[in-house]
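A short write-up of the structure that comes next.
None of the figures in this text is laboratory data; all of them are computed from the coordinates on show. Predicted model only: the values in this text are computed from it and were never measured. Cβ atoms come from the backbone with ideal geometry, glycine included; neighbour counts cover every protein chain shown.
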């Protein structure tokens, strides 16, 4: 690069980014498998194969979350108890639950069907039941019914095996798993 090019880049970084003329770009330190410790909150995206969650993306949060989230296909419904099953986990609807569709319009529990996608947000009881305060339900697109997303606290971790457990479900990482810093 010519001196003129360096001078132009220095001027541009000073004007646009507010950086000193000699500043070097900083690389953000992304989380790694070693950051996945018991008690850490994560959001994972991927799919479940033979009972194991294969993580495509893991977002690691520095602070605990107020709510946990399950987002996947509804496997079962119990209209009497107002519960549904997602990823083999029971989701109970709180008395003040807000049920919405994909467009955030009100949705009735009676209109929910097995096979719909659900995104339940709430808190977990000691028995592992997610008590949803918010529930979004929609009919999945053809390629969407395998997508799964969970936001929860890590219950067990084995960095040597690239695995951890959330919501009682084993999560497996691969060399292609993308790590992000939670916001």
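Just grab the label-to-label distance for residue 29 and residue 110, each label 7 Å out from Cα along the Cβ direction, in nm (one decimal).
Between residue 29 and residue 110, the simple spin-label model gives 5.6 nm.
Please list, by residue number, everything in the stretch 119-141 whose backbone N is under 19 Å from a paramagnetic label point 7 Å out along Cα→Cβ of residue 103.
Residues 119, 135-141 qualify, since their backbone N sits under 19 Å from the label point.
Just report the Cα centroid separation between the stretch 47-68 and the stretch 99-162, whole Å.
Rounded to whole Å, the Cα centres lie 12 Å apart.
Once you have the Cα-Cα distance between residue 127 and residue 143, take 0.36 nm times their residue separation minus that, and quote the gain in nm to one decimal. Can you show the working numbers first?
Details: separation 16, 0.36 × 16 = 5.76 nm, distance 3.26 nm.
Full extension from residue 127 to residue 143 adds 2.5 nm.
Would you order 109, 53, 167 from fewest to most other beta-carbon atoms within 10 Å of each residue's own beta-carbon?
Details: 109 14, 53 25, 167 21.
Ordered by Cβ neighbours within 10 Å, fewest first: 109, 167, 53.
When 52, 183, 151, 69 are ordered from fewest to most other Cβ atoms inside 10 Å of their Cβ, what list results? Before the final figure, lay out the partial values.
Values: 52 14, 183 6, 151 21, 69 18.
The most exposed by this proxy come first: 183, 52, 69, 151.
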